[in-house]
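The values are calculated or read from the model by the stated rules, or taken from the named source; none is laboratory data. Please read all numbers here as calculations on a predicted model, not as lab measurements. Note: ideal-geometry Cβ built from the backbone for every residue, glycine included; neighbour counts use all protein chains shown. Each accessible area value is taken on the protein alone, full model and side chains, heavy atoms only, with ligands, DNA and RNA left out. Shrake-Rupley method; radii C 1.70, N 1.55, O 1.52, S 1.80 Å.
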Amino acid sequence: ATNPAHLFTTGNIWTPLALLAAHRVIYAGRWRDTFALALILILQLLESFYQTFGLFLLGGIYGADLLWQYRDRLKSRIPQIAIFGGLTIAFACWLFLPYLHARETWGILQGRESTILLRATDYLPGGDAGIGWLTLVLALIGIGDRIRQPRKRNGVDPRLPLIAGGIAIFLCT
């Protein structure tokens, strides 16, 4: 990374694990997956507020697709959705409300209304938001393999919601 003082802006180690855990919660409905998802989301909140937006976009689209694909299981998953959602929201409030209160009370961190958006070239290897050559090569191998033949898991092909989420994140830059 070219910005070692702000590694948190490009670190999204928890996003793939959150998507996997969300799939496991909706598909299998095990409570250990529910608590794993809550823990992963909390770890994401601890990593960076910035990455929470990306996870919200990608995870929101993927989560909506999961709920649609497994709508026959939705009624039985409501308690688990309420638990991981409640735990995550409660932790986010505990973590961020003091910051927001201090910001409003003392006027700190003001003047940050303008945001510096990334250029599309910043995502290339070597760019400020680049994912690195190894990750890029592995992603291209995975994309090529999935173009060759879809790998449905439990009858579902998750490529379209993940592509839609990726496009949504890219358009936000």
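Give, in nm to one decimal, the length gained when the segment between Leu100 and Ile167 is fully stretched (0.36 nm per residue of separation minus the Cα-Cα distance).
Values: separation 67, 0.36 × 67 = 24.12 nm, distance 3.01 nm.
Contour length minus Cα-Cα distance gives 21.1 nm.
Counting protein heavy atoms only, segment 27-94 has 74 percent of its accessible area on carbon and sulfur, 1.4 angstrom probe. Per residue, the accessible area of segment 11-60 comes to 51 Å² when a 1.4 Å probe rolls over the protein heavy atoms.
Take each peptide in 95-104, 21-30, count the other Cβ atoms within 10 Å of every residue, and average; sorted highest first, the result is 21-30, 95-104.
Computed FRET efficiency, Cβ-Cβ of Ile141 and Leu20, R0 22 Å: what is it to the nearest 0.05?
Details: r = 19 Å, r/R0 = 0.86.
Using R0 = 22 Å, I get an efficiency of 0.70.
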